[in-house]
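The values are calculated or read from the model by the stated rules, or taken from the named source; none is laboratory data. Keep in mind that what you see is a predicted model, and the values were worked out from it rather than measured. As a convention, Cβ positions derive from the backbone with ideal geometry for all residues, glycine included, and neighbour counts pool all protein chains shown. Accessible surface areas use protein heavy atoms only, side chains included; no ligands, DNA or RNA. Shrake-Rupley method; radii C 1.70, N 1.55, O 1.52, S 1.80 Å.
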Amino acid sequence: MAPANAAPRVLMRRLREIMARPGEPQARLDAIVTQIARIMVAEVCSLYLRRPDGSLELFATEGLNKEAVHNTHLAKGEGLVGLIADRAEIVNIHEAQDHPAFSYRPETGEEVYHSFLGTPILRGGRTLGVITVQNQARKVYSEEEIEALETTSMLVAELITSGELDDDVAAMADRTTSRHFSGVSISDGIALGHVVLHEPRVTIHEFLSDDLHNENVRLDQGLETLRSSIDKMLSKAELQRVGEHKEVLEAYRLFAHDQGWVNRLKQAIASGLTAEAAVERVQNDMRARMLPQKDRFWAERMKDLEDLGNRLLRILVGDTETAATSNLPDDAILVARTMGAAELLDYDPKKLRGLVLEESGASSHVAIVARALGIAAVGEAANIVNRVDTGDDIVIDAITGDVFVRPTQDVIDAYSDKVRFHAAKQKQYSELRNKDAVTLDGQDISLKINAGLLVDLPHLAQSGADGIGLYRTELQFMIAAKFPRMSEQREIYKAVLDAAGHRPVVFRTLDVGGDKILPYMRMSGEQNPALGWRAIRMTLDRPGLFRTQVRALLQASAGKVLRLMLPMVTDLSELTKAKRLIKLEEDFLEKHGHEGPERLEIGLMIEVPAIVYQLDEVLPLVDFVSIGSNDLMQFLFASDRTNQNVAARYDMLHCVFLRVLQKIITKSNAHNVPVTLCGEMAGKPLESMALLGLGLRSISMSPASIGPVKSMILSLDLQALETFMIETLATKSGSLREPLERYARDKKVNVEAFKLT
Ligand code: PEP
Ligand code: MG
């Protein structure tokens, strides 16, 4: 064996010569294994490449029987080689035959060799093949030998994927292997398209360098740039742009200064690699040594380190173009570990079809934006980033949370049908856009949309809705880097009112807390956040915050009607306090000579059961009410709306819930106070049919639901339904879903929401 660190350098030089030579691919692979064996003083060196079915084929060998080449196929996971490929792990043992995974292949003649070292050939986290060396002597291979073989693997990986060998070999690069990932839906929809990695993988062109000094200087400069960019990101103003949580960035900073990492990078350079190839090799090495990580904490830290390596790579190769600024395909499906809401907004929405994230649940900010943009999105697709490449075919079913990468034709066909069906339905719904929502017996129904971001505004015209029944002002706060200033808030509200034109907009004051977190606001960790310090409770404790928002809203509505709605009111006193603060702002406006709204209407969200029992007191004090069925259901049935295990346990069409709604509607009508409902149930045709049957004439929903709900209304005889509802509610118990479905079927009410399955 050559002295430490010399072997990799000599090997690199020889491999470079081989790669520079013209020749048949097979001859080149043969020459590669011969050189590895010679320089590593191994009796055997073999190269296995992965077939699309996951099996491994012996492609070249020095030392084993030559007849075995292309004849020895190891099934997926078979033998030590299969183990290395499956786990992307190095195996280094002095007695191969003692290993439980050893599989004897007589055609190879390998029984005389005892020690065995194998490394995976990795590319972007995928295993393309395996390189092994074997010796008769029982020995454990040294760190330098492992390093030499790993570096060689990296070079061979590059050779395979760059197509320098030939198309057949390049096709082995696992590109055709389908993979399935199970995540959770964070924005409904189905999409077929092509992968765009949000953090594009860097292509390394120069692997080898003789100028050690220069590479070390480049590395030092790269590290310096990396560290200062992390410091910059950590400064608060930048936090939201990069969409990272502070802890992740803190971890980056720690790793970026980690001497162990820097030493490993320097060692890799010393073996003859360029600075960027050194980063890639250390990353491969880390993946190989640490995979698979069961412990969540370490798995996260590994991803941090990997992200950091990618950032450093981009700095070193001068590739600062992000996926958002590069040429996007028309059917882009973004894949990322995590992403900030503002980063998603950087993409051209016309080209985005979907989003897949390794992290992020349905209540994350990026999920809110994905829903606002109307793109299908799946979260919690574990480890997907390392298993896809930009350009891969991908299908996402963001109803079930399934993601298919490089899908088989069957999957593509099945989903193409669903998408076509969806498109046809959408076309039908958009044809209803200019039709009034009137029942068969002539009852006018007002359909409005829920919104919360400027990107929602075009939906108002597209859906043909009557207005915005719920504008969730907190969304803008949630995606901002810091509290928006009064003037910033005012401009946004003005833009909303301008976009709405003559159509009414109901602005809900800040509803933060619970699962709606502002990244820049310190909140004490609560045991029961949904029942905690949130919405009106918080804003009344922070009157400055509340008054600033009210001031912005009053100014934005100059000369127009301002409809202002208070969330989560639980007690009459909260309403009176809030009204007092609003009055102070009206007086302030007048005193300073600002033009105020032509009229101010104050409304109340009914979403806490306690307020249902104070309706006679609160209704005379408000101009309108809106039922927040999401929270009302959660509190009435003690069932966390964000917990998948219980969220669907109780039906919104349960008699008890419908009776509570009936009470609210009856009381509001008796007090002559307009009542509407803006929870998710309004957007589901069967549920909205029930709501109309209970007496509601106005509902607000996500824009995509307007078409299906309008289609239900156009086929409904409301008077007959009202009679049915009164009778059924008085006599039945439990869920009314079945009787209502039967009713819709018998009376031919179109409650078939767009269903994909
Ligand atoms: C509700 O609770 O039904 C509602 C509309 O408010 P949010 O979903 O924003 O809590
Ligand atoms: Mg609510």
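Listed values, structure above:
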| quantity | calculated |
| --- | --- |
| Criterion: under 25 Å from Met486 (Cβ atoms), loosely packed, with under 15 Cβ neighbours inside 10 Å and out of contact with any His (no Cβ under 9 Å at 6 or more places or on another chain) - qualifying residue of Arg534, Arg522, Arg547, Arg563 | Arg522 |
| Selection count where residues are of a type in the set (Gly, Ala, Ser) and surrounded by fewer than 22 Cβ atoms within 10 Å (Cβ to Cβ), scope region 118-149 | 4 |
| Top-ranked residue of region 509-519 - restricted to ones that are open to solvent by 10 Å² or more (accessible area, probe 1.4 Å) and in a loop (DSSP other than H, G, I, E, B), ranked as farthest from ligand 2 (Cβ to nearest atom) | Pro519 |
| Failed criterion for Leu49 (all others in (1) free of Cβ contacts under 8 Å to residues at least 24 places away in the same chain; (2) under 14 Å from Val156 (Cβ atoms) hold) | (1) |
| Per-region count, region 101-139, residues over 44 Å from the mean Cα position of the chain (by Cα) and in contact (Cβ under 8 Å) with a residue 40 or more places away in the chain | 10 |
| Verdict on Thr539 being at pLDDT below 95 and either part of a helix (DSSP H, G or I) or within 16 Å of ligand 1 (Cβ to nearest atom) (or both) | yes |
| Residue, farthest from ligand 2 (Cβ to nearest atom), within region 593-614, restricted to residues that are over 23 Å from Ser668 (Cα atoms) and modelled with pLDDT of 95 or more | Glu598 |
| Every pair of residues 6+ apart whose Cβ atoms lie under 6 Å, when the first sits in region 468-482 and is within 14 Å of ligand 2 (Cβ to nearest atom) while the second is part of a strand (DSSP E or B) and of a type in the set (Gly, Ala, Ser) | Gly469/Ser700; Leu470/Ser700; Tyr471/Ala451 |
| Positions within region 615-637 being away from ligand 2 (no atom under 16 Å from the Cβ) and open to solvent by 40 Å² or more (accessible area, probe 1.4 Å), in sequence order | Asp616, Glu617, Pro620, Leu621, Asp623 |
| Test: residue in region 245-267 that is open to solvent by 20 Å² or more (accessible area, probe 1.4 Å), modelled with pLDDT under 75 and outside any helix (DSSP H, G or I) | yes |
| Meets criteria (part of a helix (DSSP H, G or I) and aliphatic (A, V, I, L, M)) for Leu316 | yes |
| Of residues in region 721-746 being open to solvent by 40 Å² or more (accessible area, probe 1.4 Å) and among the hydrophobic types (A, V, I, L, M, F, W, C), the one nearest to Asn434 (Cα to Cα) | Phe724 |
| Residue pairs meeting the criteria (Cβ under 6 Å; at least 6 apart or on separate chains; first under 15 Å from Ser209 (Cβ atoms), in region 12-30; second open to solvent by less than 30 Å² (accessible area, probe 1.4 Å)) | Met12/Leu208; Met12/Gly272; Leu15/Leu155; Arg16/Leu208 |
| Per-region count, region 48-59, residues open to solvent by less than 30 Å² (accessible area, probe 1.4 Å) and more than 13 Å from Thr127 (Cβ to Cβ) | 3 |
| Residue satisfying condition, being in a helix (DSSP H, G or I), modelled with pLDDT of 90 or more and either within 16 Å of ligand 2 (Cβ to nearest atom) or in contact with a helix residue (DSSP H, G or I) (Cβ under 8 Å, 6 or more places away or on another chain) (or both), within set Leu691, Leu696 | Leu691 |
| Sole residue being within 18 Å of Gln136 (Cα to Cα), free of Cβ contacts under 8 Å to residues at least 40 places away in the same chain, open to solvent by 10 Å² or more (accessible area, probe 1.4 Å) and not basic (Lys, Arg), chosen from Glu43, Glu62 | Glu62 |
| Residue within region 94-117 that is open to solvent by 10 Å² or more (accessible area, probe 1.4 Å) and under 26 Å from Pro22 (Cα atoms) present | no |
| Pick from region 638-656, criterion touching a residue at least 24 places away in the same chain (Cβ under 8 Å) and away from ligand 2 (no atom under 15 Å from the Cβ), ranking: nearest to Arg697 (Cα to Cα) | Leu653 |
| Of residues in region 644-693 being small (Gly, Ala, Ser) and open to solvent by less than 10 Å² (accessible area, probe 1.4 Å), the one nearest to Ala704 (Cα to Cα) | Ala682 |
| Odd one out for Val505, checked against (1) touching a strand residue (DSSP E or B) at 6+ places or on another chain (Cβ under 6 Å); (2) within 16 Å of ligand 2 (Cβ to nearest atom) | (2) |
| Selected residue [in contact (Cβ under 8 Å) with a residue 12 or more places away in the chain and in a strand (DSSP E or B)] from Val496, Val506, Val550 | Val506 |
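For (1) in contact (Cβ under 8 Å) with a residue 24 or more places away in the chain; (2) open to solvent by 40 Å² or more (accessible area, probe 1.4 Å), each residue gets a yes or a no:
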{"residue": "Ala382", "(1), (2)": "yes, yes"}
{"residue": "Thr390", "(1), (2)": "yes, yes"}
{"residue": "Ile396", "(1), (2)": "yes, no"}
{"residue": "Asp402", "(1), (2)": "yes, no"}
{"residue": "Arg406", "(1), (2)": "yes, no"}
{"residue": "Tyr429", "(1), (2)": "yes, no"}
{"residue": "Leu432", "(1), (2)": "yes, no"}
{"residue": "Gly442", "(1), (2)": "no, yes"}
{"residue": "Ile445", "(1), (2)": "yes, no"}
